[in-house]
Amino acid sequence: MPIIETVEQLAEFLEQNDEWRRKLFAILVPRSLQRMPEELDEFRDETRAEFKSVRQEIREGFERVDREFEKVRQEMREGFERVDREMREGFERQGAQIKKNTDDIAELKGISLEQKCRDQAGSWFSKYIRRARVITLSDLDGLLPEEQPLSEQEIDELSNTDLFVVGVDKRDRQERVYVVEVSWVVDKGDVERAVQRARVIAQHGVSTAAIAAGREITQGAHKRAQQLGCGLWINGQFQAEPMII
């Protein structure tokens, strides 16, 4: 061992000699403190393990919460979808019922108006027809030439006509059959049916004209009546003259 005279020489010697440094450390440092580095390492390792465990538990907790939230969100989505579906179905049922009620009311109003037209045809159509009277399909068949009877198909079509009115046309003083379709709201279909059925009768040699009667009229029906020459009796007055077919 070299002769050591100064602290610097001692420090240099200990730095170069691990064994002497350990011995000196064992002499100078109490035993309770000698294990401190190892205990610190152990504490650090334990702390790291604890933190790792805590982080894992937190991660698993968040994942569990996410799964629960996703389950709740899915249940809420399904609940909202079910409520939305039930509401739509309810609205559809309600809409269908309202439409049915509206159609039923319109049909009843149409039936009432048709009966009124049947009873008052003479006054309703007096602008163009004199001595107007309502006849049945059987009466109409009697007006046709014997050699030109109605076919079964024509009878089927004409049987759905609201009214047949016979009278003398004031314009040319000729007796004429008027095919009348009655609806509370006259639409294009009413106009087309009246004209088509009047044409069927005209094919058998009988002079005819078509009239669509009602309280209101659609724009399309008004335009179609002008195109086909159908008379329009709307809410008490003629809006279009019935052309002779």
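Some notes on this structure:
- Among Arg55, Arg224, Arg215, the largest mean-square fluctuation in a Gaussian network model of the chain, built with springs joining Cα atoms closer than 10 Å, belongs to Arg55.
- By average C-beta atoms within 10 angstrom, highest first, the peptides 136-142, 92-98, 217-223: 217-223, 136-142, 92-98
- Relative packing of 186-195, 227-236, 170-179, which averages over residues the other C-beta atoms within 10 Å, highest first: 186-195, 227-236, 170-179
- Each Lys and Arg adds +1 at its Cβ and each Asp and Glu adds -1 at its Cβ; summed about the Cα centre, the chain shows a dipole of about 1900 debye.
- Structure-derived Cα Rg over 2.2 N^0.38 Å - corresponding label in [x] 1.43; [y] 1.11; [z] 2.93: [z]
- Largest-first principal axis extents, alpha carbons of the stretch 110-240, Å: 41, 29, 28
A short reminder: the numbers here are calculations on the coordinates, not readings from a lab. Predicted model, so just to flag it, every value in this text is computed and none were measured. All Cβ positions, even for glycine, are placed from backbone atoms using ideal geometry, and neighbour counts span all protein chains on display.
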